[in-house]
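The values are calculated or read from the model by the stated rules, or taken from the named source; none is laboratory data. From a predicted model like this one, the values you see are computed outputs, not experimental measurements. Cβ sites come from the backbone with ideal geometry, for glycine too, and all protein chains shown count toward neighbours.
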Amino acid sequence: MNNRIHKLTVALAGAVALGGATLPAAHAAEKIKVGLMLPATGTYAKLGTAITNGFKLYVDENGGKIGGLDVEYAVVDDESDPAKATENANKLVKRDEVDVLVGTVHSGVAMAMAKVARGTKTLMIVPNAGADELTGPLCAPNVFRTSFSNWQPSYAMGPVLLEKGIKKVVTLTWKYSAGLQAIDGFKESFTAGGGQIVKELTLPFPNTEFQPYLTEIAALKPDAVFVFFAGGGAVKLVKDYAAAGLKDSIPLYGSGFLTDGTLAAMGGAGEGLETTLQYADGLDNARDQAFRGGYAKAYGSAPDVYAVQGYDAAQLLAAGVSAVKGKIEDRKGMITGMEAAKIDSPRGAFSISAAHNPVQDIYLRKAQGELNPAVKVAAKALADPARGCRMQ
Amino acid sequence: MTIKTHTAGIAQAVVLAALAAYPLVGSEFYVEMVAKVLVLGIFAMSLDLLVGFTGLVSLGHSAYFGVAAYAVALIAPEFAPANLWFVLGAAVLISAAVALGIGLLVLRTRGIYFIMVTLAFTQMAFFLFHDTALGGGSDGIYLNFRPEPRIGGWMPFDLAEGSQLYYFILAVAVLVFVGIKRVLRSPFGRVLVGIKSNEHRMRSLGYSTFNYKLGAFVLAGALAGLAGVLYAVLFGFVTPELLSWHESGHVLMMVILGGMGSPVGAVLGAGAMVALEEAFSLLTTHWQLLMGGVILAVVLFLPGGLIALPGRMRQLIKSGGPHE
Amino acid sequence: MDIFSFLVQTLNAVQYGLLLFLVASGLTLVFGIMGIINLAHGSFYMAGAYLAFGLTSATGSLVWAIVLGVPLAMLVGAALEALLFVHLYKRDHLEQVLLTYGLILIFEELRSLIVGNDVHGVAMPDFLAGSIPLNDTLSYPVYRLAISAVCVVLAIGLYFLIQRTRLGMMIRAGSHDRDMVQALGINITVIYRVVFALGVAMAALAGMLAAPISSVGPNMGGQVLILSFVVVVIGGIGSVWGALLGALLIGFADTFGKVILPEFAGAMVYLVMAAVLLWRPEGLLKKGA
């Protein structure tokens, strides 16, 4: 049953890409070589695994094929180390001669990959890294993203807070590009609607001694606090915030990474936190339910947003391959196919913007136990402004 | 003695010939990898000048490498290639100046304190690039075009072409190698070695050891900067992580793995490190476990590094068994 | 900054400083007395945090986890000393750095193999879970204050152990002249094993105590490693009081750096270390003080 849905999806994606022409013919003898450059060690290892699982799930559901082509993988552990990133990307592109580069989590590493992809004209799909530049000033015809731009999830939070009557906000994030860009996104929509940012607090990455900031927030007494944190830092912040007694008097909001995969470790301190992200638990669509069932069956755990992004990277690639009926030498045709693709994602269908970033719904979610169920759609079909993108 | 130097000379000539011939047979990726080994080799040789010869263990050597790499990316215009000689000279000068400033301060300390102050300065440099918009922040910065080695209107070679870049890097590496050997044979170099074995004695002999150490520190910083320039040109991407203490540790590891106090050892260490990482990561995702094991084994069983391996083997054969 | 905020920030600084001392104290011991630069110190801290996570889940209480975990850490420490570190006493600092760096890689991968890459949280004991209200918006967690108290007790205990006990006397003598102590018939091998085991246990204890107020996850050791070294070096290697002083100094530099000079917050700790060492090239308090 599952399998049929997915086959239909491929067919649908292909059909859409072809503008409703015939279904792609199978090219049994041919294959596509996919280079997965993701972290297998280090802080982001878990995210790398989830993305890999998501990607492979789609391929396995389609009988080991993408758009009718057999898939061969080449894998590199990028360690989330930008200092080794160019060489690692070259390993896949030049040594293993992959047809497409898929990766990665860390923005700096993804920037280095994009540089290699642009230089060698290799097709690249980013399944996580949110650096605005990738689909902004550094956008390129052969670089696509199936995740988000740092701007997107937090931009959606501005109107949500204004609607709640919140006027004065303090922001807090690590002092690194992802955090600063996310805060900028929030600031843009929040101040445009008449809100005021009282103070922008930043702490050095990856420092997690929050106590001085909590004292400062208590003194500033804003209506709310908006943060960008992920992983271990997110866990510690939310626990410290609650322990300082601020949770009830000054509500905490954040970009969704704050509560994704971290709620269990927060031990109840995260209960009720409202965040915005392109994915949520308990979405009311059959596509998502099928995906979650399939993922749980294959890997014995519930999927997260990273798994979805990996899965959609495979779907986007399938759209491209189907568009050229498996003749992947036709790079231009593939790109056209991917640009036109409407991805039937577990997060809800999305299309690809002119800058190759998803145009997607951003959900407002409210933490409940270990889940982040959707409250509503905070922003419908939100497109990144793609500032500085001049697609050649 | 003469036979030994003779064989060493032949071995070096053979290695050089092999390196020169490599682009003819190697694939693009591996040519680039050997080029990277050469760059790291220069980096390691520059650190060896401090650690192996002068006895100054610096855990902040990545600062000069990274600052020079940033200098290249920042000086170069965004939409056109820069002049190689200009960016090269400017970047090396900048890293030498930074080394001079830091050296004046840190050389007042010694031993473990020296290790920690050098670490402190490299961390400050790291935060300068990571936390400010100066060089693109934490995401790093692109070098969009490889610099052109223009002299007037004449362009003797083209670095945009992979093999020509390789030969350029090889030539620089050979120059640095020969240059360091000459420095070490010079009176200046002999004083450095004297400082390592007994600084007190050198001072009582009337040498201003501080000035000599500072000279070594600046020279090492400038050469590390040279390696940083080549790195930026080779990969076209500069990131704050190049300045982090992990990179300092990494290059220190190369020096010790290869064998301290020998430029050959430093290059050997760089090559072995890159080769091991490459081989292990192909084997398993938990390759760092193997890497850790190798490091342990080298410390416990091969204290002189790889360069000491032939000597140890000879000794082993002669005595018929291991002994300490 | 009003006076109330200033006082609370001072409390933050002292509390953070004491926590840093807790983490660094085991390092002072091993570093100062045995002369071993142990980069794997952070890994022992991480191991302690994971022990706290595992044992708290198994026994239901952090207190039990500590009661069981500390002796376990001592055993591991003694075994590591007998197998590996015993080879390092006659080697130079550089080789120690290298070997213990290798250990970091191994411990980090073992962690990934055995417990995976998830981030975990550890519940604090119920009787310490509350907060004390400071004003209408801000409260202070009791657990943090409790840790501070533990740190003070530990600092005093360590001082007495080294300065006032027979074992301490032997340890001090051994750190000055290993061979002489041996010639006097004291078994230096055993003493070193005890000291190292103690150092590992203290790092692990720090990890366990910090677990409820931090997140237990990959690379958590690396973050405290450098800070521990900074603290020990600022204070003067081998000095317990020096480490305490260094820890408090870093606590203040970090806390007030974040509030007053947020632009330089990242570099602040290193700036302070560089300044101290340029002023006093062997740390604030020399050995034995």
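For the range B:241-265, what are the residues that are surrounded by fewer than 24 Cβ atoms within 10 Å (Cβ to Cβ) and under 17 Å from B:ALA173 (Cα atoms)? B:SER262, B:VAL264 - these are the residues of the range B:241-265 that are surrounded by fewer than 24 Cβ atoms within 10 Å (Cβ to Cβ) and under 17 Å from B:ALA173 (Cα atoms). Answer yes if at least one residue in the range C:177-193 is modelled with pLDDT of 90 or more and more than 30 Å from A:ILE217 (Cα to Cα), and no otherwise. The answer is yes, given that some residue of the range C:177-193 is modelled with pLDDT of 90 or more and more than 30 Å from A:ILE217 (Cα to Cα).
Screening C:ILE37 on (1) in a helix (DSSP H, G or I); (2) within 14 Å of chain B (Cβ to nearest Cβ) shows it passes everything except condition (1). Among the residues of the range A:214-233, those identified as within 7 Å of another protein chain (Cβ to nearest Cβ), at negative phi and not charged (D, E, K, R) are A:THR215, A:ALA218, A:ALA219, A:GLY232.
Would you confirm, using the coordinates I've provided, whether A:GLY272 is in contact (Cβ under 8 Å) with a residue 60 or more places away in the chain, closer than 23 Å to A:TYR363 by Cβ, within 12 Å of another protein chain (Cβ to nearest Cβ) and under 26 Å from the mean Cα position of the chain (by Cα)? So A:GLY272 does not fit the description; no.
Being part of a strand (DSSP E or B), over 17 Å from the mean Cα position of the chain (by Cα) and not assigned by TED's automatic domain parsing to the domain that holds A:ASP260 is a condition met by at least one residue of the range A:348-367. Of everything in the range A:94-104 that is at pLDDT below 95 and buried (at least 24 other Cβ atoms within 10 Å of the Cβ), the residue that is nearest to A:GLY35 (Cα to Cα) is A:GLY103. Filtered by the rule that a residue be surrounded by fewer than 21 Cβ atoms within 10 Å (Cβ to Cβ) and within 14 Å of another protein chain (Cβ to nearest Cβ), the range A:191-207 gives A:LYS199, A:GLU200, A:PHE205, A:PRO206, A:ASN207. Does the range C:199-220 contain at least one residue that is touching a strand residue (DSSP E or B) at 6+ places or on another chain (Cβ under 8 Å), part of a helix (DSSP H, G or I), within 30 Å of C:SER112 (Cα to Cα) and within 14 Å of chain A (Cβ to nearest Cβ)? Checked against the condition, which is being touching a strand residue (DSSP E or B) at 6+ places or on another chain (Cβ under 8 Å), part of a helix (DSSP H, G or I), within 30 Å of C:SER112 (Cα to Cα) and within 14 Å of chain A (Cβ to nearest Cβ), the range C:199-220 yields at least one hit. Applying a threshold of 6 Å to beta carbon distances and a minimum spacing of six or more residues, or different chains, the list of pairs starting in the range C:256-282 at a residue that is more than 14 Å from chain A (Cβ to nearest Cβ) and touching a residue at least 24 places away in the same chain (Cβ under 8 Å) and ending at one that is outside any helix (DSSP H, G or I) and basic (Lys, Arg) is empty. Out of everything in the range C:15-27 that is more than 11 Å from chain A (Cβ to nearest Cβ) and not small (Gly, Ala, Ser), what residue ends up being farthest from C:SER139 (Cα to Cα)? It comes out as C:LEU27.
When restricted to residues that are outside any helix (DSSP H, G or I) and more than 8 Å from chain B (Cβ to nearest Cβ), the range A:170-184 contains 5. From the list B:VAL238, B:VAL218, the one residue that fits, being crowded, with 20+ Cβ neighbours inside 10 Å, away from chain A (no Cβ under 14 Å) and aliphatic (A, V, I, L, M), is B:VAL218.
If the condition is being more than 9 Å from every other protein chain (Cβ to nearest Cβ) and surrounded by 19 or more Cβ atoms within 10 Å (Cβ to Cβ), then the range B:291-305 contributes only B:GLY305. Would you say A:VAL126 is crowded, with 24+ Cβ neighbours inside 10 Å and at pLDDT below 95? No; evaluated as a whole, the condition is false for this residue.
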